[in-house]
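No value in this document is a laboratory result; all are computed from the given coordinates. The structure presented is a predicted model; accordingly, all values stated were derived computationally and were not measured. With ideal geometry, Cβ positions are generated from the backbone for all residues, glycine too; neighbour counts draw on all protein chains shown.
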Amino acid sequence: MKKLALILASTVVGLGAAHAEADGAKIYATCAACHQANGQGLPGAFPPLAESEWVNGPAENLIRIQLRGLMGPITVKGKQYNSVMPPNAAMSDEDIAAVLTYVRSNFGNKASAVTADQVKALRSEVGKPMLKAEELIDPNKAEEKKEEAPAEGAEKPAAEGNAQAEPKQEAPAVALKAGETTASGTVKKSEHLSRSSETFAFGGFAAWTLLSLIPVVTGIGRK
Ligand code: HEC
């Protein structure tokens, strides 16, 4: 019985190690409905998160966008968008931090992690009118801007504004709710599936490593 408890405990520890990383990826499913699983957005409708100067700019902007939503004209990677992003203020500080950290460290982005405390500090934004881009810190002028952020347009294909780089996916009408995941961490899009199975594989490996240490550490099995 004691042995079983130990096994359970170490499994939990093993999975816990992979947990933080998995959360951001899972929560991203809510964003993927619009910004797409690969973070490229949809031309003319949803701006890209991949190598966006906003995503790689001040974290404060991103947190405020989540808490208040965003509307009106905004230029992202040299292209104008003019639409509406609803706020995600119902998400916890931890979940907002996790998804923003995920976005800032994937899709070719290399910006610092966002902490739950940073989100908490801006909670008073909730309930204010939707943000406009001009109320945000201009990421092209911000000092916090990362040097390694890709130069404007560096990756842009020669043909402006055509959709060739966008793998078409189903209409972005079916936003997954945060937490709408099964026990196995499955979300609708295959990209997420492979990402979360990677994470789960890692969790499994960590659990296995811990498990194999139990007899060594506890002496269980030795008479
Ligand atoms: C319902 C569609 C929708 C969802 C869901 C959505 N967004 Fe957006 N997002 C938009 C639109 C539209 C804009 C541009 C708004 C404008 O035109 O002013 C935008 C703008 C942004 C921007 C600033 C511009 C850029 O591309 O860098 C960021 C950052 C962003 N969204 C992050 C997220 C994250 C993170 C999530 C998930 C937690 C998310 N969005 C969910 C539609 C959406």
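Out of the trypsin sites (Lys or Arg not before Pro) in the range 85-142, which ones are loop residues according to DSSP with at most 16 other C-beta atoms within 10 Å?
Sparse-neighbourhood loop trypsin sites (Lys or Arg not before Pro): LYS110, LYS141.
Modelled label-to-label distance, ALA113 and GLU134, 7 Å Cα→beta-carbon offset: nm?
Taking the two extended label points, one gets 3.8 nm.
Can you figure out the FRET efficiency of SER124 with LYS79, using R₀ = 35 Å and their beta-carbon distance, to the nearest 0.05?
So the FRET efficiency works out to roughly 0.60.
Rank-order 60-66, 124-130, 44-50 by packing density, defined as the average count of other C-beta atoms within 10 Å over each peptide's residues, highest first.
Descending packing order for the listed peptides: 60-66, 44-50, 124-130.
Using the scaling law 2.2 N^0.38 Å as the reference, what is the normalised Cα Rg of the range 60-137?
1.08
Around GLY127, with a cut-off of 14 angstrom between Cβ atoms, what is the net charge of the other residues, counting Lys and Arg +1 and Asp and Glu -1?
In short, +3.
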